[in-house]
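The values are calculated or read from the model by the stated rules, or taken from the named source; none is laboratory data. In this text, all values refer to a predicted model and were calculated from it rather than measured experimentally. Cβ placement follows ideal geometry from the backbone for every residue including glycine, while neighbour counts extend to all protein chains displayed.
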Amino acid sequence: MTYALNEDQLAIQDLIRRVARERVAPRADEIDRTAEYPHDMFALLKELGLFALPFPEEFGGANNLLSSCIAVEELGRVCYNTGYLLVVQWTPFGAILAGGTAEQKQRLLPGLATGDLRGALSLTEPQSGSDVSGIKTTARKAPGGYVLNGAKIWATNSDIADFVLVAAKTVDESGNKLGINLFIVDKGTAGFTVGKKEPKMGARGVPSCPLFFDDAFVLETNRLGPEGGQGFKVAMEALNTSRPIVAARAVGIAQGAIDHTVGYIQERVAFGQKISDFQGVRWMIADMTMQTEAARQLVYRTAALVDAGASGRELAAMAAMAKCFASDVAMKVATDAVQLFGAAGISNEYPINRYFRDAKVVQIIEGTNQIQRNIIADSVLGRVPKKI
Ligand SMILES: Cc1cc2nc3c(=O)[nH]c(=O)nc-3n(C[C@H](O)[C@H](O)[C@H](O)COP(=O)(O)OP(=O)(O)OC[C@H]3O[C@@H](n4cnc5c(N)ncnc54)[C@H](O)[C@@H]3O)c2cc1C
């Protein structure tokens, strides 16, 4: 299959590259340093209409994942946190599009596409992150809906969001287990509180918070998909579709780290010459560029597969490869970039250690890279359908 960028995609790349350089880059260090949610950057993305990119045409979108990846890459190249604003919006979108009722889609997707609504997704609990089946939050059936009890951690964007998609174990009135479901929990729901934001090493501009549910009642119409495991499975498989977007952030980090390094090594002098003239340094920058380009091609190809209709399990291994490879590359490239800056790489006076800290985050979020490797191995070893 081919995935050369078409005219629209090249135009998006050009526009966002320019906006990123002129309006986003000057804010990047401050957002990271203060760890304050960048309302101005959200307004900028909204003004540009970027939230709609992956949405179907009926919601005003371009229905194009490759364009979405390009947008995230170009923003992430100068400011991981601004790129993150798109990603946190698109994660609940994917789950609702795949598993929501027509009414839920009409209620939530137009607002997510314009940026008038903000969402978050909450699976992780103190005792279980990778192993979602270990969650303890329950949704007990009650007349007209469910009563949620439990606690979550690391729900990114939750203190800003108008609603959070919350994973809970559904039980009937007698406490019998029915399976995991996602529930749309609106801001302001009685018994639902968002805790203090987590102090973070990376991804600092978009807060991650604990959530608490103390007899929080949600209407039956706020359950995503059918009761029991099937609805959850559909929504989770939809995350395969959004995984290339996470991978695109990693490509952006790697490219941004290279951009800064190229400038630095051509100015810094040691032993009477620019350090970019040392063969050891030239080969490092060549390797960094090679690895980043390989990651980019894997991400673009995976996004193009999604645009061509691949989804669910069929897509799982490719999406896992893109996320795992690109984020490992981002970590390696950012580490080498810090190395090439020498002590300046450790100093907060220079932007490069921000890339290093943000790269580490991408190896852990949206399924750690070990979990991605498990998915790939399962596919190779024939434990899941291998269609790609
Ligand atoms: C910045 C940030 C933002 C986040 N945002 C969100 C969010 O919005 N919503 C949300 O729900 N969660 C979010 N998370 C949580 C994130 O999804 C989890 O941290 C992640 O899934 C890993 O879970 P854990 O931290 O509990 O690690 P654990 O599952 O305890 O894993 C610990 C280590 O063991 C390894 N491991 C576990 N199981 C296996 C296995 N089967 N094979 C090999 N190795 C294994 C892991 O890879 C990891 O290295 C966020 C985390 C961060 C850091």
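Side notes on the structure shown:
- Subset of the range 189-229 [β-branched (Val, Ile, Thr) and surrounded by fewer than 21 Cβ atoms within 10 Å (Cβ to Cβ)]: 189, 193, 194, 221
- Of residues in the range 108-143 being of a type in the set (D, E, K, R) and within 19 Å of residue 46 (Cα to Cα), the one surrounded by the fewest Cβ atoms within 10 Å (Cβ to Cβ): 116
- Test: residue in the range 142-150 that is assigned by TED's automatic domain parsing to the domain that holds residue 212, small (Gly, Ala, Ser) and within 19 Å of residue 364 (Cβ to Cβ): no
- Residues in the range 344-388 that are within 14 Å of the ligand (Cβ to nearest atom), farther than 19 Å from residue 250 by Cα and basic (Lys, Arg): 383 alone.
- The range 309-346 - residue that is touching a residue at least 60 places away in the same chain (Cβ under 8 Å) and out of contact with any helix residue (DSSP H, G or I) (no Cβ under 8 Å at 6 or more places or on another chain) and, of those, surrounded by the fewest Cβ atoms within 10 Å (Cβ to Cβ): 342
- The range 303-342, residues that are among the acidic types (Asp, Glu) and within 19 Å of the chain's Cα centre (by Cα): 307, 328
- Subset of the range 100-140 [in contact (Cβ under 8 Å) with a residue 60 or more places away in the chain, over 23 Å from residue 195 (Cα atoms) and either within 16 Å of the ligand (Cβ to nearest atom) or within 18 Å of the chain's Cα centre (by Cα) (or both)]: 112, 113, 115
- Of the criteria (1) within 26 Å of residue 30 (Cβ to Cβ); (2) loosely packed, with under 15 Cβ neighbours inside 10 Å, which one residue 261 fails: (2)
- Residue tally, condition within 16 Å of the ligand (Cβ to nearest atom) and polar (S, T, N, Q), over the range 315-338: 1
- In a residue-by-residue description of the range 129-140, the property of being assigned to a helix (DSSP H, G or I) and among the hydroxyl-bearing types (Ser, Thr, Tyr) applies to at least one position.
- For the range 141-196, the set of residues classified as within 15 Å of the ligand (Cβ to nearest atom), hydroxyl-bearing (Ser, Thr, Tyr) and assigned to a strand (DSSP E or B) consists of 156 only.
- For the range 219-242, a tally of residues being part of a helix (DSSP H, G or I) and among the charged types (D, E, K, R) returns 3.
- When residue 341 is tested against (1) at pLDDT 95 or above; (2) farther than 16 Å from residue 73 by Cα; (3) within 16 Å of the ligand (Cβ to nearest atom), only condition (3) is not met.
- Restricting the range 197-235 to residues that are small (Gly, Ala, Ser) and within 16 Å of the ligand (Cβ to nearest atom), the residue that is nearest to residue 156 (Cα to Cα): 208
- Exactly one residue out of 36, 74 is surrounded by 19 or more Cβ atoms within 10 Å (Cβ to Cβ) and either in a helix (DSSP H, G or I) or over 17 Å from the mean Cα position of the chain (by Cα) (or both), and it is 74.
- Residue match in the range 263-282 (condition: under 30 Å from residue 121 (Cα atoms) and part of a helix (DSSP H, G or I)): no
- Here residue 186 meets each of (1) within 30 Å of residue 60 (Cβ to Cβ); (2) buried (at least 19 other Cβ atoms within 10 Å of the Cβ); (3) assigned by TED's automatic domain parsing to the domain that holds residue 216; (4) of a type outside the set (Phe, Trp, Tyr) with one exception, condition (2).
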